[in-house]
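To start, the structure under review is shown below, and the notes come after it.
The values are calculated or read from the model by the stated rules, or taken from the named source; none is laboratory data. All values reported here derive from a predicted model rather than from experimental measurement. FYI the Cβ positions are ideal-geometry reconstructions off the backbone, even for glycines, and counts take in every protein chain you see.
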Amino acid sequence: MTTRTTPVSLRWQGGSDGTLEILDQTLLPGRLEYRECRDVETVIEAIKMLRVRGAPAIGIAGAYGMVVAAGESERAGHLPDKARPHVRARAEELATARPTAVNLRWAVDRCVGVIDRLPAATSAADLAGALLAEARAIHDEDRNLCAAIGRHGLAVLPEGNILTHCNTGALATGGAGTALGVITAAWDSGRRFTVYADETRPLFQGSRLTAWELVQRGIPVTVLVDAAAGHLLSTGRIAAVIVGADRITACGDTANKIGTYGLALLAAAHGVPFFVAAPSSTFDLTLDSGAEIPIEERGAAEVLVPLGVSAAPAGAGAYNPAFDVTPARLIRGIITEKGVATPVSRETIQKIGMGANFR
């Protein structure tokens with residue numbers, strides 16, 4: 001297999017008056033196409049429609065969306081007393097585009113903090129410049145976080161075949177990925193294995209995106225339907241399960257793509273270690289447990305007409321939660337850029353440096 005570089009999930013083109021370009025992941029693996037985002041509505045639409053997805057990536061998109069908001073104000077000729085309220089209003093629209101992944105609110109709030117530290121007389125153009133510097137810093141930080149997560153994960157991931165769920169690679173982050181970053185770090189270290197990727201219904205992020213990324217890198221990948229995971233685990237062919245996260249509470253309960261909780265239960269039943277990989281920005285220490293995590297519910301069409309193909313009779317309803325919550329007791333370790341919390345508890349989360357509130 002030929003190793004190629006996976007295209008970045010999003011990029012900023014030009015200076016503070018430039019453009020956000022988002023790789024439209026709804027078109028993969030068939031088409032590789034970037035969408036230009038020149039206004040905040042386009043950024044929000046891209047987040048809501050999963051053209052950009054993955055908790056770290058949508059956080060980065062939200063940060064660049066703040067630059068886009070300042071650009072809107074500059075093009076409208078707003079004076080400072082109008083520019084700041086405009087960007088602040090856009091901040092709330094961006095932060096609430098998707099409710100479960102905490103990285104989005106975290107990144108937008110960081111950008112709001114930049115605005116708060118600037119003089120009241122700051123022009124829209126200067127707001128855009130300061131926000132672009134912050135968005136680029138968030139993007140660069142995530143790239144470095146992914147590398148650190150890969151290093152820490154390599155130390156605890158057992159050798160052998162790996163099962164994963166959804167997509168947690170370069171398409172979902174600003175770097176090599178979280179769970180997929182650990183997998184690629186293991187491969188680059190010389191380990192050899194096969195990655196088994198759940199297709200991840202209803203939007204097939206595993207088969208469309210994770211398998212695509214692994215093929216680009218020349219790492220063997222086998223796709224399975226979600227319902228086959230229990231049987232696969234029973235065969236003894238899987239050494240570990242590793243997934244990403246969209247929000248992690250103070251006790252270690254973790255929200256991730258729907259189907260993760262069932263996979264964790266299956267792993268526990270078969271004695272297979274189950275790991276979560278996520279950066280510190282995914283921790284929401286204002287929440288005590290997973291019961292407090294808001295779970296996004298999406299439209300029925302994703303279930304009833306997947307990829308445009310009718311899969312149920314007219315008149316049928318659909319239940320389509322985008323995420324579920326895996327209790328900390330089912331997680332062997334949470335791999336972060338600061339280290340690994342294992343066993344997962346409030347104490348081990350604080351011990352690795354997650355004592356601060358990252359909101």
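Would you mention how many residues in the stretch 237-250 are within 14 Å of VAL195 (Cα to Cα) and either of a type outside the set (D, E, K, R) or not assigned by TED's automatic domain parsing to the domain that holds VAL276 (or both)? Walk me through how you get there before you give the answer.
Initial filter on the stretch 237-250 (within 14 Å of VAL195 (Cα to Cα)): 237-243.
Next, from what is left, pick out any that are either of a type outside the set (D, E, K, R) or not assigned by TED's automatic domain parsing to the domain that holds VAL276 (or both): 238-243.
Of the residues in that region, 6 qualify.
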Could you tell me whether the stretch 60-67 includes any residue that is touching a Cys at 6+ places or on another chain (Cβ under 6 Å) and assigned to a helix (DSSP H, G or I)? yes
Which of the residues that make up the stretch 34-80 are more than 24 Å from LEU209 (Cα to Cα) and either of a type in the set (Asp, Glu) or modelled with pLDDT under 95 (or both)? ASP39, GLU41, GLU72, GLU74
Note down all Cβ pairs under 9 Å where the first residue falls in the stretch 228-243 and is farther than 21 Å from GLY333 by Cα, the second is among the β-branched types (Val, Ile, Thr), and they're at least six residues apart or on different chains. LEU232/ILE238
Every residue in the stretch 29-56 that is surrounded by 18 or more Cβ atoms within 10 Å (Cβ to Cβ) and of a type in the set (Gly, Ala, Ser), please. ALA46, GLY54, ALA55
Can you work out which of the residues in the stretch 298-338 that are part of a strand (DSSP E or B) and farther than 16 Å from GLN205 by Cα is farthest from the chain's Cα centre (by Cα)? GLY333
Tally of residues being touching a residue at least 24 places away in the same chain (Cβ under 8 Å), over 13 Å from ILE242 (Cα atoms) and in a loop (DSSP other than H, G, I, E, B) across the stretch 175-193: 5
I'd like the full set of residues that are touching a helix residue (DSSP H, G or I) at 6+ places or on another chain (Cβ under 8 Å), within 19 Å of TRP212 (Cβ to Cβ) and of a type in the set (S, T, N, Q), limited to the stretch 13-33. GLN25
Do you know which residues across the stretch 7-40 are free of Cβ contacts under 8 Å to residues at least 60 places away in the same chain, among the acidic types (Asp, Glu) and within 30 Å of ALA124 (Cα to Cα)? GLU21, ASP24, GLU36, ASP39
